[in-house]
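The structure under discussion is supplied below as structure tokens; questions concerning it will follow.
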Amino acid sequence: MISRIWHGWTDRSNADAYEEMLRSVVLPGIGERINGYLGVYVLRRDDGDEVEFVTVTMFASYDAIRSFAGDNFEGAVLEPEAKKLLSRFQERVKHYETVLAPD
């Protein structure tokens, strides 16, 4: 399993809307169209005037990640509506071989 880790930040006023968009639009869409998508953890942390989100998406293989992100699979993949809610985000993601996970 490969874990894909990405960070994005919103203004406090946009945090709930961004989280709702992840839950209702963005993440269900991945599961519907990508074979080899195994799930996600979404982490949220209040940090002063900003709220940080970390997504850890899990995929069965790098081929599954390429199906999701394209040939430039280390680039961030963002819906235009989600991008509008973010104050900043990582342009590049990191991938890790997952060596231990909950059962």
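The values are calculated or read from the model by the stated rules, or taken from the named source; none is laboratory data. Keep in mind it's a predicted model, so treat the numbers as computed, not measured. Every residue, glycine as well, gets a Cβ built from its backbone with ideal geometry; the counts of neighbours run over all protein chains shown.
Checking Asn72 against (1) in a strand (DSSP E or B); (2) exposed (fewer than 14 other Cβ atoms within 10 Å of the Cβ), only one condition comes out false. Which one?
The number of the failed condition is (1).
If you scan segment 66-93, which residues turn out to be among the small types (Gly, Ala, Ser) and within 13 Å of the chain's Cα centre (by Cα)?
Within segment 66-93, Ala69, Gly75, Ala76, Ala82 qualify.
Further question: Looking for something of a type in the set (Phe, Trp, Tyr) and assigned to a helix (DSSP H, G or I) - is there at least one such residue anywhere in segment 35-42?
The answer is no, given that none of the residues of segment 35-42 is of a type in the set (Phe, Trp, Tyr) and assigned to a helix (DSSP H, G or I).
From Asp63, Asp16, Asp46, Asp103, grab the single residue that is assigned to a loop (DSSP other than H, G, I, E, B) and either out of contact with any Cys (no Cβ under 8 Å at 6 or more places or on another chain) or at pLDDT below 95 (or both).
None of the others qualify; the one that does is Asp103.
Additional query: Out of Val56, Val26, I need the residue that is assigned to a strand (DSSP E or B) and either surrounded by 13 or more Cβ atoms within 10 Å (Cβ to Cβ) or in contact with a helix residue (DSSP H, G or I) (Cβ under 6 Å, 6 or more places away or on another chain) (or both). Which one?
Val56
Residue pairs, Cβ under 7 Å, 6 or more apart or interchain, first in segment 73-98 and over 18 Å from Pro28 (Cα atoms), second part of a strand (DSSP E or B) and modelled with pLDDT under 95. List them.
Pairs that qualify, where the first residue is over 18 Å from Pro28 (Cα atoms) and the partner is part of a strand (DSSP E or B) and modelled with pLDDT under 95, are Glu91/Gly75; Arg92/Gly75.
Now a separate question. Of the residues Asp103, Asp47, which is exposed (fewer than 12 other Cβ atoms within 10 Å of the Cβ), of a type in the set (D, E, K, R), without any contact (Cβ under 8 Å) to a residue 60 or more places away in the chain and closer than 17 Å to His7 by Cα?
Asp47
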